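Since the structure comes first, as C-alpha coordinates, the remarks are kept for the end.
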Amino acid sequence: AQTVTQSQPEMSVQEAETVTLSCTYDTSESDYYLFWYKQPPSRQMILVIRQEAYKQQNATENRFSVNFQKAAKSFSLKISDSQLGDAAMYFCAYKGNNAGNMLTFGGGTRLMVKP
Amino acid sequence: DVKVTQSSRYLVKRTGEKVFLECVQDMDHENMFWYRQDPGLGLRLIYFSYDVKMKEKGDIPEGYSVSREKKERFSLILESASTNQTSMYLCASSRLLAHTDTQYFGPGTRLTVL
(Lines give C-alpha, C1' and ligand atoms only; values in the text may rest on other atoms or scores of the structure.)
Protein backbone atom coordinates (compact mmCIF):
# COMPACT_ATOMS: atom_id res chain seq x y z
CA ALA A 1 0.00 0.00 0.00
CA GLN A 2 1.12 3.50 -0.72
CA THR A 3 1.95 5.84 2.14
CA VAL A 4 2.37 9.59 2.19
CA THR A 5 4.39 11.32 4.90
CA GLN A 6 4.45 14.99 5.82
CA SER A 7 7.14 15.36 8.44
CA GLN A 8 6.31 18.94 9.46
CA PRO A 9 3.13 19.15 11.55
CA GLU A 10 3.47 22.94 11.72
CA MET A 11 5.38 25.59 9.82
CA SER A 12 5.45 29.36 10.04
CA VAL A 13 6.55 32.00 7.58
CA GLN A 14 6.82 35.75 7.58
CA GLU A 15 4.52 37.54 5.18
CA ALA A 16 6.20 38.06 1.77
CA GLU A 17 8.79 35.38 2.50
CA THR A 18 9.13 31.92 0.92
CA VAL A 19 8.32 28.63 2.63
CA THR A 20 8.71 25.01 1.56
CA LEU A 21 6.47 22.21 2.80
CA SER A 22 7.85 18.67 2.61
CA CYS A 23 6.17 15.49 1.43
CA THR A 24 7.56 12.04 0.80
CA TYR A 25 5.74 8.98 -0.43
CA ASP A 26 6.30 5.31 -0.84
CA THR A 27 5.19 3.43 -3.94
CA SER A 28 6.24 0.66 -6.26
CA GLU A 29 4.34 2.15 -9.18
CA SER A 30 6.09 4.05 -11.96
CA ASP A 31 3.11 6.07 -13.12
CA TYR A 32 1.11 8.09 -10.61
CA TYR A 33 -0.15 11.54 -9.72
CA LEU A 34 0.64 13.86 -6.84
CA PHE A 35 -1.41 16.71 -5.44
CA TRP A 36 -1.26 19.47 -2.86
CA TYR A 37 -4.56 20.47 -1.27
CA LYS A 38 -5.19 23.51 0.91
CA GLN A 39 -7.77 23.62 3.73
CA PRO A 40 -8.23 27.16 5.07
CA PRO A 41 -9.71 27.51 8.57
CA SER A 42 -13.41 26.67 8.50
CA ARG A 43 -13.40 26.59 4.71
CA GLN A 44 -13.53 23.93 2.05
CA MET A 45 -10.49 22.04 0.86
CA ILE A 46 -9.28 23.09 -2.57
CA LEU A 47 -6.67 21.82 -4.99
CA VAL A 48 -3.50 23.93 -5.11
CA ILE A 49 -1.36 22.10 -7.62
CA ARG A 50 -0.95 18.70 -9.29
CA GLN A 51 1.96 16.82 -10.82
CA GLU A 52 2.00 13.84 -13.18
CA ALA A 53 4.90 11.53 -12.39
CA TYR A 54 5.76 11.00 -16.07
CA LYS A 55 6.40 14.73 -16.49
CA GLN A 56 9.90 15.85 -15.61
CA GLN A 57 9.00 19.51 -15.48
CA ASN A 58 7.91 20.74 -12.08
CA ALA A 59 4.37 22.12 -11.94
CA THR A 60 3.82 25.80 -11.21
CA GLU A 61 0.67 27.75 -10.37
CA ASN A 62 1.35 31.43 -9.79
CA ARG A 63 3.12 31.68 -6.40
CA PHE A 64 2.96 27.92 -5.83
CA SER A 65 5.49 25.52 -7.30
CA VAL A 66 6.64 22.00 -6.58
CA ASN A 67 10.01 20.30 -6.42
CA PHE A 68 9.31 16.78 -7.67
CA GLN A 69 12.18 14.35 -7.15
CA LYS A 70 10.95 11.01 -8.50
CA ALA A 71 13.97 8.94 -7.53
CA ALA A 72 13.86 10.28 -4.00
CA LYS A 73 10.04 10.00 -3.89
CA SER A 74 9.82 13.57 -2.71
CA PHE A 75 7.21 16.18 -3.60
CA SER A 76 7.67 19.49 -1.81
CA LEU A 77 5.53 22.61 -2.16
CA LYS A 78 7.12 26.04 -2.35
CA ILE A 79 5.03 29.10 -1.62
CA SER A 80 6.64 32.36 -2.71
CA ASP A 81 5.71 35.83 -1.49
CA SER A 82 3.57 34.35 1.29
CA GLN A 83 0.29 36.08 2.02
CA LEU A 84 -1.94 36.03 5.08
CA GLY A 85 -4.50 34.11 3.06
CA ASP A 86 -2.04 31.27 2.63
CA ALA A 87 -2.52 30.31 6.28
CA ALA A 88 -4.14 26.87 6.19
CA MET A 89 -3.66 23.14 6.54
CA TYR A 90 -1.85 21.73 3.54
CA PHE A 91 -2.22 18.10 2.53
CA CYS A 92 -0.06 16.16 0.14
CA ALA A 93 -1.90 13.39 -1.71
CA TYR A 94 -0.99 10.48 -3.98
CA LYS A 95 -3.00 8.66 -6.60
CA GLY A 96 -1.82 5.57 -8.40
CA ASN A 97 -2.54 4.98 -12.04
CA ASN A 98 -4.71 1.98 -11.29
CA ALA A 99 -6.46 3.33 -8.22
CA GLY A 100 -9.57 4.68 -9.88
CA ASN A 101 -9.73 8.13 -8.43
CA MET A 102 -8.80 7.25 -4.85
CA LEU A 103 -6.35 9.51 -3.06
CA THR A 104 -3.96 8.66 -0.23
CA PHE A 105 -3.31 11.70 1.96
CA GLY A 106 -0.47 12.69 4.22
CA GLY A 107 -1.06 13.84 7.78
CA GLY A 108 -1.02 17.52 6.88
CA THR A 109 1.08 20.58 7.69
CA ARG A 110 -0.41 23.61 9.40
CA LEU A 111 1.06 26.76 7.89
CA MET A 112 0.96 29.99 9.88
CA VAL A 113 1.74 33.31 8.22
CA LYS A 114 3.06 36.10 10.43
CA PRO A 115 2.27 39.69 9.45
CA ASP B 1 -19.46 27.25 -9.88
CA VAL B 2 -19.00 23.74 -8.60
CA LYS B 3 -20.57 22.86 -5.31
CA VAL B 4 -20.54 20.03 -2.81
CA THR B 5 -22.77 20.53 0.20
CA GLN B 6 -23.11 18.60 3.43
CA SER B 7 -26.24 18.56 5.52
CA SER B 8 -24.71 19.78 8.77
CA ARG B 9 -21.57 21.67 9.80
CA TYR B 10 -21.80 20.50 13.41
CA LEU B 11 -23.57 17.50 14.87
CA VAL B 12 -23.74 16.13 18.41
CA LYS B 13 -25.06 12.61 18.95
CA ARG B 14 -25.15 10.10 21.77
CA THR B 15 -23.49 6.71 21.84
CA GLY B 16 -25.64 4.10 20.16
CA GLU B 17 -27.63 6.53 18.02
CA LYS B 18 -28.00 5.99 14.29
CA VAL B 19 -26.43 8.90 12.44
CA PHE B 20 -26.94 10.01 8.85
CA LEU B 21 -24.53 12.37 7.11
CA GLU B 22 -25.74 13.64 3.77
CA CYS B 23 -23.72 14.94 0.84
CA VAL B 24 -25.02 16.47 -2.38
CA GLN B 25 -23.07 17.56 -5.46
CA ASP B 26 -24.37 19.53 -8.40
CA MET B 27 -21.64 18.73 -10.93
CA ASP B 28 -23.06 15.48 -12.32
CA HIS B 29 -19.96 13.67 -11.05
CA GLU B 30 -19.87 9.91 -11.12
CA ASN B 31 -17.47 9.47 -8.18
CA MET B 32 -18.30 10.38 -4.62
CA PHE B 33 -16.22 9.82 -1.50
CA TRP B 34 -16.48 9.92 2.28
CA TYR B 35 -13.38 10.66 4.35
CA ARG B 36 -12.76 11.24 8.00
CA GLN B 37 -10.15 13.75 9.06
CA ASP B 38 -8.26 13.41 12.34
CA PRO B 39 -5.30 15.49 13.58
CA GLY B 40 -2.00 14.04 12.46
CA LEU B 41 -3.67 11.34 10.38
CA GLY B 42 -4.81 13.47 7.47
CA LEU B 43 -7.81 12.23 5.52
CA ARG B 44 -8.66 8.56 5.46
CA LEU B 45 -11.09 7.10 2.96
CA ILE B 46 -14.14 5.38 4.45
CA TYR B 47 -16.15 4.49 1.35
CA PHE B 48 -16.49 5.63 -2.21
CA SER B 49 -19.02 5.18 -4.97
CA TYR B 50 -18.48 5.32 -8.71
CA ASP B 51 -22.11 4.98 -9.74
CA VAL B 52 -25.63 4.88 -8.36
CA LYS B 53 -26.10 1.93 -6.03
CA MET B 54 -22.41 1.04 -6.34
CA LYS B 55 -20.01 1.29 -3.41
CA GLU B 56 -16.50 0.24 -2.54
CA LYS B 57 -14.81 0.05 0.84
CA GLY B 58 -11.99 2.41 1.55
CA ASP B 59 -9.29 2.09 4.17
CA ILE B 60 -11.47 2.34 7.29
CA PRO B 61 -15.03 1.10 6.55
CA GLU B 62 -15.64 -0.60 9.89
CA GLY B 63 -18.61 0.88 11.73
CA TYR B 64 -19.89 2.73 8.67
CA SER B 65 -22.17 2.08 5.73
CA VAL B 66 -23.18 4.19 2.75
CA SER B 67 -26.07 4.68 0.41
CA ARG B 68 -26.23 6.13 -3.07
CA GLU B 69 -29.72 6.02 -4.48
CA LYS B 70 -29.31 9.05 -6.73
CA LYS B 71 -26.26 10.25 -8.63
CA GLU B 72 -26.04 13.56 -6.83
CA ARG B 73 -26.46 12.25 -3.27
CA PHE B 74 -24.16 10.08 -1.16
CA SER B 75 -25.02 9.29 2.44
CA LEU B 76 -22.78 8.04 5.22
CA ILE B 77 -24.47 6.04 7.95
CA LEU B 78 -23.22 5.25 11.41
CA GLU B 79 -25.46 2.38 12.49
CA SER B 80 -24.58 2.73 16.18
CA ALA B 81 -22.40 5.73 16.90
CA SER B 82 -19.45 5.32 19.22
CA THR B 83 -17.17 7.87 20.85
CA ASN B 84 -14.26 6.84 18.63
CA GLN B 85 -16.26 8.06 15.64
CA THR B 86 -15.99 11.63 16.88
CA SER B 87 -14.26 13.31 13.97
CA MET B 88 -14.52 15.66 11.01
CA TYR B 89 -16.23 14.03 8.04
CA LEU B 90 -15.55 15.27 4.53
CA CYS B 91 -17.43 14.41 1.38
CA ALA B 92 -15.90 14.81 -2.08
CA SER B 93 -16.82 14.19 -5.71
CA SER B 94 -15.00 13.86 -9.02
CA ARG B 95 -15.47 12.73 -12.57
CA LEU B 96 -15.12 9.05 -13.31
CA LEU B 97 -11.61 7.74 -13.94
CA ALA B 98 -10.20 11.16 -14.75
CA HIS B 99 -6.75 10.61 -13.37
CA THR B 100 -5.73 14.18 -13.12
CA ASP B 101 -9.13 15.53 -12.27
CA THR B 102 -9.46 17.20 -8.94
CA GLN B 103 -11.72 16.02 -6.15
CA TYR B 104 -14.12 18.73 -5.01
CA PHE B 105 -14.75 18.78 -1.29
CA GLY B 106 -17.68 19.77 0.86
CA PRO B 107 -17.28 22.00 3.94
CA GLY B 108 -17.20 19.08 6.33
CA THR B 109 -19.34 17.90 9.23
CA ARG B 110 -17.81 17.94 12.68
CA LEU B 111 -19.44 15.06 14.54
CA THR B 112 -19.19 14.69 18.29
CA VAL B 113 -20.42 11.46 19.86
CA LEU B 114 -21.01 11.71 23.60
The correct count of residues that are in a loop (DSSP other than H, G, I, E, B), under 23 Å from A:Glu29 (Cα atoms) and open to solvent by 50 Å² or more (accessible area, probe 1.4 Å) in the range A:50-89 is 9
When you look at B:Phe74, is it within 10 Å of chain A (Cβ to nearest Cβ) and of a type outside the set (D, E, K, R), yes or no?
-> no
Give the residues of the range B:30-55 that are more than 7 Å from chain A (Cβ to nearest Cβ), under 26 Å from A:Cys23 (Cβ atoms) and not hydrophobic (A, V, I, L, M, F, W, C), sorted by residue number.
-> B:Tyr35, B:Arg36, B:Gln37, B:Asp38, B:Pro39, B:Arg44, B:Tyr47
The listed residue being under 25 Å from B:Thr109 (Cβ atoms), in contact (Cβ under 8 Å) with a residue 24 or more places away in the chain and among the hydrophobic types (A, V, I, L, M, F, W, C), out of A:Phe105, A:Phe68, A:Phe75, A:Phe64 | A:Phe105
Selection count where residues are in a loop (DSSP other than H, G, I, E, B), under 14 Å from B:Gln103 (Cα atoms) and either facing another protein chain (nearest Cβ under 10 Å) or among the aliphatic types (A, V, I, L, M) (or both), scope the range B:1-28 = 3
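Could you list, in sequence order, all residues of the range B:6-24 that are open to solvent by less than 60 Å² (accessible area, probe 1.4 Å) and either touching a helix residue (DSSP H, G or I) at 6+ places or on another chain (Cβ under 6 Å) or among the polar types (S, T, N, Q) (or both)?
B:Gln6, B:Ser8
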Scanning the range A:9-23 residue by residue, the ones that are more than 12 Å from every other protein chain (Cβ to nearest Cβ) and surrounded by fewer than 16 Cβ atoms within 10 Å (Cβ to Cβ) total 7
Residues within the range A:90-111 that are farther than 28 Å from B:Leu96 by Cβ and open to solvent by less than 80 Å² (accessible area, probe 1.4 Å), tallied | 3
When the range A:19-58 is checked residue by residue, the ones that are of a type in the set (S, T, N, Q) and under 15 Å from the mean Cα position of the chain (by Cα) are A:Thr20, A:Ser22, A:Thr24, A:Gln39, A:Gln51, A:Asn58
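Checking the structure you have, find out if any residue of the range A:24-35 is facing chain B (nearest Cβ under 10 Å), outside any loop (DSSP other than H, G, I, E, B) and free of Cβ contacts under 8 Å to residues at least 24 places away in the same chain.
no
The values are calculated or read from the model by the stated rules, or taken from the named source; none is laboratory data. Owing to the predicted nature of the structure, the values given are computational and were not obtained by experimental measurement. For neighbour counting, all protein chains shown are included, and Cβ atoms are generated from backbone atoms with ideal geometry for every residue, glycine included. All accessible areas refer to the heavy atoms of the entire protein, side chains included, with ligands and DNA or RNA removed. Shrake-Rupley method; radii C 1.70, N 1.55, O 1.52, S 1.80 Å.
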